[in-house]
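Structure first, then comments.
Nothing in this text is a laboratory measurement; each read-out follows from the coordinates by a stated rule. Worth saying up front: this structure is predicted, and the values here are computed from it rather than measured. Note that each Cβ is placed from the backbone with ideal geometry, even for glycine, and that neighbours are counted across all protein chains shown.
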Amino acid sequence: MLRIRNLSGYYGRIQALRGVSLSVRAGEIVALIGANGAGKSTLMKAVSGLLEAWDGIMEFEKVSLKSRKPPAIVDLGVSLVPEGRWIFAPMSVRDHLRLGAYSRRRRSDTAAIERDADAVMELFPILRERAAQAAGTLSGGEQQMLAIARALMARPKLLLLDEPSMGLAPLLVEKIFATLVQLRDQGLTLLLVEQNARAALRIADRGYVLETGRVVLQGTAAELLDDQEVKRAYLGRDYREFCEGRD
Ligand code: ATP
């Protein structure tokens, strides 16, 4: 579904991606893990059309993403749940959902958009209770749910999620990740960027590890969870191993 070959990405003279190749097949959850500054968000921006300077090949369903602006990429079926959520504080929850359907406004009638808003609120029932409330008054977890729900309103085929677990308590992370699995089971494809490598790899089918703009490791999620280097750098050792001084 998504094919990236030899992608380099730049902010002026700074090169943030260095020859990245990765692919996402339809129906998969693919996790992209890596430390701060590894280039994970830059890759998400590149796929969504928000990174101006890049070279290499990026294709979505065999269509090149070269020179395509973000709205055109949303139209192809790719939606981003951005890092930091980008919620508009005074705007209501329901208006955020309507905004998520902006790209469909010429194709879908208002009733269809309202029906979809009801459907995404089924996924996160707390949003229904808060439908008329200003989004700035929601908790961090509720705002993350809203950011995901808003992205779904564009009816994407591929959902890009940039650090959805950031700042959330473990129970909420579990709830949100369970919903991501539910979405995958309903046929959505997901590319998930996470610093919380363990949580991401637990729900992913495959994963890639990014370090200073390069893919340094890739494999099935089970292989990565079991990899000594991934364990050391991204998963931490458990306490018993630490006491026994084992690697
Ligand atoms: P984090 O997990 O901290 O969000 P990341 O893996 O998402 O990190 P990126 O945000 O993609 O990392 O950053 C990759 C590199 O690009 C970093 O060295 C960062 O300083 C640099 N960078 C990111 N955004 C910009 C920008 N707008 N201008 C210049 N450099 C940038």
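Annotations for the structure displayed:
- Counting DSSP beta bridges with both ends in the stretch 122-222, the antiparallel % (nearest 5): 55 percent
- With neighbour counts taken as other beta-carbon atoms within 10 Å, the residues Glu174, Glu229, Glu142 rank, fewest first, as Glu229, Glu174, Glu142.
- Amide H contacts of Ser92 (H built 1.01 Å from N, under 5 Å, at least 5 apart or other chain): Ala135
- Two-decimal Rg/Rh across the stretch 85-154, once Rg and the Kirkwood Rh are taken from alpha-carbon atoms: 0.94
- Among beta bridges identified by DSSP and lying wholly in the chain, the antiparallel ones come to about 55 percent.
- Phi to ³J(HN,Hα) by Karplus 6.51 cos²θ - 1.76 cosθ + 1.60 over the stretch 113-120, Hz, x for Gly, Pro: 5, 5, 5, 5, 4, 5, 5, 6
- Residues in the stretch 121-133 carry Karplus couplings, in order, of 6, 5, 5, 10, x, 4, 5, 5, 4, 9, 3, 9, 7 Hz; the curve used is 6.51 cos²θ - 1.76 cosθ + 1.60 with θ = phi - 60°, and Gly or Pro positions show x.
- When shorter helices are ignored and each DSSP H run of at least 4 residues is given -39500 (n - 2.57), the per-residue value for the chain at 222 nm works out to -10500 deg cm²/dmol.
- For q = 0.09, 0.11, 0.14 Å⁻¹, Debye-computed log10 I/I(0) when each Cα of the chain counts as one equal scatterer: -0.39, -0.59, -0.93
- Coupling constants for the stretch 204-213 follow from the phi torsions by the Karplus curve (6.51 cos²θ - 1.76 cosθ + 1.60, θ = phi - 60°), and in residue order they are 7, 8, 9, x, 10, 10, 10, 9, 5, x Hz; glycine and proline get x.
- Among Val181, Trp86, Gly141 - extreme Cα towards positive end, dipole of the chain, charges at beta-carbon: Trp86
- For peptides 3-9, 63-69, sequence by mean Cβ density within 10 Å, most packed first: 3-9, 63-69
- Fewest neighbouring Cβ atoms within 10 Å first, the residues Phe88, Phe177 line up as Phe88, Phe177.
- Selection among Ala221, Leu43, Tyr102 by position relative to the dipole of the chain gives Tyr102 as farthest towards the positive end (Cβ unit charges, Cα centre).
- Between the alpha-carbon centres of the stretch 85-122 and the stretch 176-226 there is a gap of 27 Å.
- Placed amide H near Ile29: partners under 5 Å, 5+ positions off or other chain: Leu190, Asp205, Arg206
- Global form of the stretch 130-209, assessed from the alpha-carbon gyration tensor, a/c cut-off 1.5: oblate
- If you take the Cα centroid of the stretch 146-164 and the Cα centroid of the stretch 1-35, the two points sit 18 Å apart.
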